[in-house]
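**Q** Got a structure here, written out as C-alpha cells. Questions coming.
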Amino acid sequence: MKIVSILLGVLMLIGGVYCLLTPIATYSALSWLIGFAMLVEGIGSVLTWNDRRKLGFADGWTLAGAIVSILLGCFLLGSFAAQLAVDLFIAYLIAAWLIIGGVTRIVVSFKLRKLRDTAGASTIGANWGMLLVLGIIVTILGILCMFDPLSIMIGVGIMLGISIICVGVDLIVRGVSMSIA
C-alpha cells in the first residue's frame, strides 16, 4: 500500500505541474468533465429507471430527463462550441460571484462599523475597515474579470494545479510515513 500511495502521489505531482504549466487546458477540462458527468448520470438513470419506477421514485418525466442528460452530455462532449460556451459561462459566473461577494463584504463592513459605533465596544466591528478594503478589492477583481474572462480561466487552472500538487505531496508523505510506522 505504501508504494501505491507514493506512486499515486508522484503521478498527482506530475499532473499538478502539468496543470500549472497549462492552466487554460486545465480549465477547459471542466466543460468536458461536466459533459461526461451528464452522460454518466443519464446512462445510470436510464439503467435504473425501471427499478426506481417500481418503487414509485420514477415516472416518464424522470426517464425523459435522463435521455435529455445523455443527449446534452453527448452534445457537450462532441461540440467545441458548446464546450467554449460552458467555459465562458463558468468564467462569467465566477466573476459575478466575486462582484456579489465583494459588494456583500462592503455592506457588512458598514454594518460592523455602525455596530461598533452604537455598541461602544472596541472589539465588535474593530476590523470593519479591513473588511471594507477586502470587499472593494474583490469587487474590482470581479469587474475586471467580467471584461477579461481569460484571467479567471488561468486563475482556476492554476488553483487546480496547486490543489493537485498538495494532494500529491500528502499522498507521498502518507506513503513514506507508512514505512516508518
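The values are calculated or read from the model by the stated rules, or taken from the named source; none is laboratory data. This structure is a prediction, so every number in the text was calculated from the model and none was measured. Every residue, glycine as well, gets a Cβ built from its backbone with ideal geometry; the counts of neighbours run over all protein chains shown. Remember, those area values only see protein heavy atoms, side chains included, never the ligands or the DNA or RNA. Shrake-Rupley method; radii C 1.70, N 1.55, O 1.52, S 1.80 Å.
**Q** Which of the residues spanning region 112-132 are surrounded by 13 or more Cβ atoms within 10 Å (Cβ to Cβ) and part of a helix (DSSP H, G or I)?
**A** The answer is L112, R113, L115, R116, W128, L131, L132.
**Q** Return the residues of region 12-29 that are open to solvent by less than 50 Å² (accessible area, probe 1.4 Å), part of a helix (DSSP H, G or I) and not hydrophobic (A, V, I, L, M, F, W, C); say none if nothing qualifies.
**A** G15, G16, P23, T26, Y27, S28, listed by residue number.
**Q** To continue, here is another question. Restricting attention to region 135-159, and to residues there that are more than 13 Å from I94 (Cβ to Cβ) and hydrophobic (A, V, I, L, M, F, W, C), which single residue is surrounded by the fewest Cβ atoms within 10 Å (Cβ to Cβ)?
**A** F147
**Q** Could you run through region 56-70 and say how many residues are among the aliphatic types (A, V, I, L, M), assigned to a helix (DSSP H, G or I), surrounded by 12 or more Cβ atoms within 10 Å (Cβ to Cβ) and without any contact (Cβ under 8 Å) to a residue 24 or more places away in the chain?
**A** The qualifying residues number 1.
**Q** Report yes if G78 is under 30 Å from L150 (Cβ atoms) and free of Cβ contacts under 8 Å to residues at least 24 places away in the same chain, otherwise no.
**A** yes
**Q** If we keep just the residues of region 74-111 that are within 28 Å of G42 (Cβ to Cβ) and in contact with a Phe, Trp or Tyr (Cβ under 7 Å, 6 or more places away or on another chain), which is most open to solvent (accessible area, probe 1.4 Å)?
**A** Ranking the qualifying residues of region 74-111, first place goes to L77.
Conditions (1) touching a Phe, Trp or Tyr at 6+ places or on another chain (Cβ under 6 Å); (2) outside any helix (DSSP H, G or I); (3) in contact (Cβ under 8 Å) with a residue 60 or more places away in the chain, marked per residue:
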| position | (1), (2), (3) |
| --- | --- |
| L134 | no, no, no |
| C145 | no, no, no |
| G157 | yes, no, yes |
| S163 | no, no, yes |
| D170 | no, no, yes |
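**Q** Mind telling me which of the residues G35, G42, G16 ends up being of a type in the set (G, A, S), in contact (Cβ under 8 Å) with a residue 12 or more places away in the chain and closer than 24 Å to I165 by Cα?
**A** Matching residue, one of G35, G42, G16: G16.
**Q** For F89, only one of the following conditions fails: (1) in a helix (DSSP H, G or I); (2) touching a Lys or Arg at 6+ places or on another chain (Cβ under 7 Å). What is its number?
**A** Failing condition for F89: (2).
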